[in-house]
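K.L.:
Can you read through this structure? Questions will come right after.
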Amino acid sequence: METSIIIPMQSIYFDNAATTRPLNELDEVYAEYAGGLWQNPSALYAPSVAVQMRIDGARRTLLRAFGGESTHKCFFTSCGTEGANTIILRGARVKKNMNYVCGGLEHPCVEEGFKLLEAQGADVRWVKPDRHGRISADAVREAVDENTALAAIMHVNNETGAKNDIAAIGAAVKGKNPQTLYYADGVQAYLREKRVDISNIDYYTVSAHKVHAHKGTGAIFAKNGTPLKPLLVGGGQEGGMRSGTQDVLGILSFARAVEYFGGVDAEERLAPLRAGFLAAVEEIEGIYVVSPPDGCGHILNIAFEGVNGETLLHAMEGAGIYISTGSACSSKKGKSRVAKTLALPEGVANGTVRISFSVFNTEEEIGRAAEEIKKCVERFRKYKRK
Ligand code: PLP
């Protein structure tokens, strides 16, 4: 039986940290792909060579937006998760008695990678974030020692929107031990945050579906000369770093999105949306703001005393407004990691909702959603009092 999903016409999508709507501009890429770019990039005849050249062009486009065209290499992967796994499991050369440093609120694709190593007997030092999810360069400096092989601290936290100063963290890591490799997960930050000094960043990972391109494509930026081995072996694509025929459509779409955002000051456009929404809901009694005041512009994590996050999510859904509780990747797993790691107060521990914006959201949508959230919270509290 055929099923279809109906998204109401007037719906508001505020879950852009989970995934984003593909750009209309990608239509041109789809047409080109269907018209001839579907050839296997590894074959030796001219049309395939042309495809490989386009992939290499896409690589340069992605690196340019990162600021690493001459300092880093780009390898395409299937997603941000694959990039993180490759770096953690196949990056730094680890000798006996070496240790790892990892942020205490990394995305599960990083955290679980280090837990795998821990289960094999590795010494992993977890750096505790502050109450908003931020990790300081000082805390990282303290954790790194002469035996640290790899330190992983993300750029923008997907749960709270906390921005880590990865330039300062990289400098702290290298200042303590120049041999330690530094990996920053850039999935939430790439194309949303302004470029930073990347001179001390050995590995950085990005994902196309977070920036209005497709699911199924990601990339690793690895500093020239930094050790990295493939996680997937086989045909030797991507210079032997990632076997498997490349997802040409996904890669070219990713590059098109990067070009598009080259002309958009995302940080400038997102910050007022977040500020406007926060200003409108701040007056609600018992609000608890998990996100830091200086967080990134596209994520706002809040809770309302005594209001369950999942109930609020579904009430908002009823009004055609899509938000999330915690991160979409972990929302089916029960108790929120955010609540545990950030030691949220009892009354709000089950109440966090993540509202995440894109540059395509409007002030009108912000107003409508803020009004709806107010109504929902009031309604729940009235029922509770009865
Ligand atoms: N890292 C962060 C910070 C993320 O937010 C996500 C996805 O939510 C990932 C990694 C994983 O990316 P992907 O969905 O492409 O595997």
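The values are calculated or read from the model by the stated rules, or taken from the named source; none is laboratory data. Please read these numbers as outputs of a predicted model, since none were measured by experiment. With ideal geometry, Cβ positions are generated from the backbone for all residues, glycine too; neighbour counts draw on all protein chains shown. Note: areas computed on protein heavy atoms with side chains; ligands, DNA, RNA excluded. Shrake-Rupley method; radii C 1.70, N 1.55, O 1.52, S 1.80 Å.
K.L.:
Looking only at segment 8-21, decide whether some residue is assigned to a loop (DSSP other than H, G, I, E, B), open to solvent by 80 Å² or more (accessible area, probe 1.4 Å) and at pLDDT below 95.
P.N.:
So far as segment 8-21 goes, yes, one or more of its residues are assigned to a loop (DSSP other than H, G, I, E, B), open to solvent by 80 Å² or more (accessible area, probe 1.4 Å) and at pLDDT below 95.
K.L.:
Taking segment 69-112 as the region of interest, how many residues are within 16 Å of the ligand (Cβ to nearest atom), crowded, with 20+ Cβ neighbours inside 10 Å and assigned to a loop (DSSP other than H, G, I, E, B)?
P.N.:
5
K.L.:
Further question: Picking from Leu252, Leu232, Leu228, which residue would you name as being of a type in the set (A, V, I, L, M) and open to solvent by 40 Å² or more (accessible area, probe 1.4 Å)?
P.N.:
It is Leu232.
Condition check ((1) open to solvent by 40 Å² or more (accessible area, probe 1.4 Å); (2) modelled with pLDDT under 95; (3) touching a Ser or Thr at 6+ places or on another chain (Cβ under 6 Å)) across all residues:
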residue: Ala257; (1), (2), (3): no, no, no
residue: Glu267; (1), (2), (3): yes, yes, no
residue: Ala275; (1), (2), (3): yes, no, no
residue: Val281; (1), (2), (3): no, no, no
residue: Val290; (1), (2), (3): no, no, yes
residue: Cys296; (1), (2), (3): no, no, no
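Each row is one residue, and each column tells you yes or no for (1) assigned to a helix (DSSP H, G or I); (2) open to solvent by less than 80 Å² (accessible area, probe 1.4 Å); (3) touching a Phe, Trp or Tyr at 6+ places or on another chain (Cβ under 7 Å).
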residue	(1), (2), (3)
Asn24	no, no, no
Glu28	yes, no, no
Gly35	yes, yes, no
Val49	yes, yes, no
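K.L.:
Then there's this: Does Arg64 fit the bill of being open to solvent by 90 Å² or more (accessible area, probe 1.4 Å), closer than 26 Å to Phe357 by Cβ, in contact with a Gly (Cβ under 9 Å, 6 or more places away or on another chain) and at pLDDT 95 or above?
P.N.:
When the stated conditions are applied, Arg64 passes them.
Each row is one residue, and each column tells you yes or no for (1) at pLDDT 95 or above; (2) more than 11 Å from the ligand (Cβ to nearest atom); (3) open to solvent by less than 40 Å² (accessible area, probe 1.4 Å).
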{"position": "Ala149", "(1), (2), (3)": "yes, yes, yes"}
{"position": "Asn157", "(1), (2), (3)": "yes, no, yes"}
{"position": "Lys163", "(1), (2), (3)": "yes, yes, no"}
{"position": "Ala171", "(1), (2), (3)": "yes, yes, no"}
{"position": "Pro178", "(1), (2), (3)": "yes, yes, no"}
{"position": "Tyr183", "(1), (2), (3)": "yes, yes, yes"}
{"position": "Lys194", "(1), (2), (3)": "no, yes, no"}
{"position": "Val206", "(1), (2), (3)": "yes, no, yes"}
